[in-house]
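The values are calculated or read from the model by the stated rules, or taken from the named source; none is laboratory data. Just so we're clear, the structure is a prediction, and the values are computed from it rather than from any experiment. Positions of Cβ are backbone-derived with ideal geometry, glycine not excepted, and every protein chain shown enters the neighbour counts.
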């Protein structure tokens with residue numbers, strides 16, 4: 001069975017979002033992805049929402065949250081709604097939105113779309129055995145799938161998670177950058193966790209509830225989240241919410257082939273700012289990597305709204321070399 005996704009016109013009523021996590025400063029990879037997402041929205045005369053994704057309370061830091069706003073403003077990016085400007089979708093910080101996630105989970109329970117699972121990670125790996133080469137990681141073997149929502153009452157104080165029932169079959173969507181896509185989430189993870197009583201909610205459920213409640217209809221992010229997309233599409237459809245357009249852009253990687261991470265201190269925007277890098281020079285360099293200019297032109301993001309194009313962005317990952325970093329400081 002194929003679960004398809006209704007298509008919408010790219011330039012009609014676009015509502016996009018920037019959704020950084022306050023677990024460390026933003027780096028060059030974030031800057032490039034957020035620039036693309038921002039320009040895609042502004043090119044379509046759309047709105048931009050800023051949302052802070054701080055569900056991971058063990059890693060979220062208050063000072064990092066404030067730093068995100070500083071980093072984004074330094075780049076010349078702005079937003080129409082957000083934690084600092086307000087808006088009809090408030091609050092714009094995930095740790096303040098648990099009631100929305102609880103309501104979404106309640107709707108899933110009402111349709112038996114979820115069930116209580118007591119399996120540990122080790123249990124899943126032992127039961128599943130070696131995954132097939134084409135599969136991502138270990139798929140949940142369905143050990144607890146025969147349970148109903150009501151069975152949670154009999155678990156007393158035993159820890160459990162709510163798992164979403166994934167039906168076999170490909171989920172297809174027309175990616176703004178990758179083109180036609182089809183992935184079967186039953187083969188890349190299977191039934192997935194959407195929440196744990198007393199602990200919190202999963203990224204998958206939270207971002208779907210947030211985007212739906214805020215009216216987001218265009219999601220542009222790194223291609224490391226491609227496998228999350230079919231899971232989120234299933235949640236949208238099961239909850240009866242419109243599915244946004246998705247676009248996945250190439251990642252930024254270092255010369256060693258590893259993707260950039262927040263641990264790469266020298267590549268953080270705060271470090272570049274403190275080193276005296278001109279943000280206009282940085283934007284010009286990022287624009288050049290996206291194929292919108294043949295040379296480095298110091299500029300602000302708004303200068304490229306009319307010249308934005310998805311077609312010119314190279315499909316391969318962007319390699320941040322020492323030479324490229326030197327270009328940021330060139331006169």
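The single condition among (1) surrounded by 11 or more Cβ atoms within 10 Å (Cβ to Cβ); (2) farther than 26 Å from residue 176 by Cβ that residue 307 does not meet is (2). Would you say residue 326 is surrounded by 13 or more Cβ atoms within 10 Å (Cβ to Cβ) and either part of a helix (DSSP H, G or I) or modelled with pLDDT of 95 or more (or both)? So residue 326 fails the test.
Taken together, 235, 282, 225, 267 contain a single residue that is closer than 18 Å to residue 18 by Cβ and either without any contact (Cβ under 8 Å) to a residue 24 or more places away in the chain or in contact with a strand residue (DSSP E or B) (Cβ under 8 Å, 6 or more places away or on another chain) (or both), which is 225. Scanning region 44-69 for residues that are surrounded by fewer than 14 Cβ atoms within 10 Å (Cβ to Cβ), under 27 Å from residue 281 (Cα atoms) and either touching a helix residue (DSSP H, G or I) at 6+ places or on another chain (Cβ under 8 Å) or modelled with pLDDT of 95 or more (or both) yields a single hit, 45.
The set of residues in region 162-209 that are modelled with pLDDT under 95, surrounded by fewer than 18 Cβ atoms within 10 Å (Cβ to Cβ) and in contact with a strand residue (DSSP E or B) (Cβ under 6 Å, 6 or more places away or on another chain) contains only 196. Restricting attention to region 289-304, the residues being surrounded by 16 or more Cβ atoms within 10 Å (Cβ to Cβ) and within 23 Å of residue 175 (Cα to Cα) number 4. Under the condition of being in a loop (DSSP other than H, G, I, E, B) and modelled with pLDDT under 90, the residues counted in region 1-16 number 11. When 312, 255 are checked against the criterion of being in contact with a strand residue (DSSP E or B) (Cβ under 8 Å, 6 or more places away or on another chain) and loosely packed, with under 15 Cβ neighbours inside 10 Å, a single residue qualifies: 255.
Do we find that residue 243 is within 18 Å of residue 33 (Cβ to Cβ) and modelled with pLDDT of 95 or more in this structure? No: the conditions fail for residue 243. Taking region 210-237 as the range and being surrounded by fewer than 19 Cβ atoms within 10 Å (Cβ to Cβ) and farther than 23 Å from residue 310 by Cα as the test, the residues that pass are 213, 236, 237. Only residues that are surrounded by fewer than 21 Cβ atoms within 10 Å (Cβ to Cβ) and out of contact with any strand residue (DSSP E or B) (no Cβ under 6 Å at 6 or more places or on another chain) were counted across region 70-88, and they come to 9.
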